[in-house]
Amino acid sequence: MSTDLQTRTAARAAKRAQAARKPWRSNIGLKIAMAVSGVLMVLFIIAHMAGNLHVFEGREEMNAYAAGLRSFGEPLLPHESLLWVLRIGLVASIAVHLWTGIVLSVRSHHARPVKYAHRHKARGESPNAYLTMRLGGIVIVLFVVWHLLDLTWRTVNPVKDVHDAYGAVVATFDPSRWPVTVFYLLALVALGFHLRHGIWSAVQTIAGPTTKWRRRTQAAALAVAVIIVAGFAIVPLSVTFGLVS
C-alpha cells in the first residue's frame, strides 16, 4: 500500500471515529438537522400563508389579526413576545439550514473533487436539483431580506403605520409597484421548487432510497409546494388586479 493511500485511509478512519463520537457532526446528522430546520420553516411558511389570507376579510379583520399577534400573552408576556419567538426561531432555522447545506456541499466536493462523467439520478430527482436548490435558496434569502424591509420594518413600504397591516399589503402590491409583485412571484416559484425537492430529499434521507412510500412522498411534496405557492400568490395577484383594495 502506497504512503498516499495509507494517509487517505487513516484520514477516513479518523473522520469515522470523530463522527462516532459526535454523531450530530456526521453527514447523516447534518442531513437530519437540515431536514428538521426545513420542517420548522415549512410550518412557519404555512402559518404565515394562512395569516396573509386574512386580507380577504377586509381591513378591520386583517388589522385585528395582526394586533392579536403583537398582543398575544399580555399582560403575562411582554408585547410582541410571540412575534419575537417566531422571528428568532425562523432566523435560527434558516441559519442551521444554510450552515448544514454549505458544510455538506464542501464535504461532497472534497470527497470527490472530480465530477462524475455521468451520474444516474434517483427516481423522482430533478435533473437540475443541485442548481435549483442553490440558486433558489439565494433568491429566497434575498426575498426574505426584502420582505422584512417592506412589510415588517416598513423601510421601503409607503405605509409606515405598523398597525395598518392591511394597508401595507395593499400598498406593496399596488399596480404601480409591479416590479415588487414580479419579484415576489419569482421568489414564490423558487420557493415551490425548493420545497418540492427539499421535502422529497428529506424523506429520502430518513426513510431510504428504496422506500415503498417514494411515489406518495413525491406526490405529497408536489402538493405542498403547489398549495403554498398558490396560497401566497393569490394575495399579490388579487391586489394587483383590483380584487382587494
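To one decimal place, what Kirkwood hydrodynamic radius in Å is obtained for segment 142-202 from all pairs of distinct Cα atoms?
Working: mean 1/r = 0.0789 Å⁻¹.
In segment 142-202 this quantity evaluates to 12.7 Å.
Assigning unit charges at the beta carbon (Lys, Arg +1; Asp, Glu -1) and nothing else, what dipole magnitude in debye, to the nearest 20, does segment 44-97 show about its Cα centre?
Working: 3 positive and 5 negative charges, 39 e Å.
I would put it at about 180 debye.
Could you tell me the distance between the Cα centroids of segment 146-204 and segment 27-91, to the nearest Å?
15 Å
Bear in mind that the values in this text are calculations on the coordinates, not laboratory data. None of these values were measured; they are calculated from a predicted model. In this analysis, Cβ positions are derived from the backbone assuming ideal geometry, glycine residues included, and neighbour counts consider all displayed protein chains.
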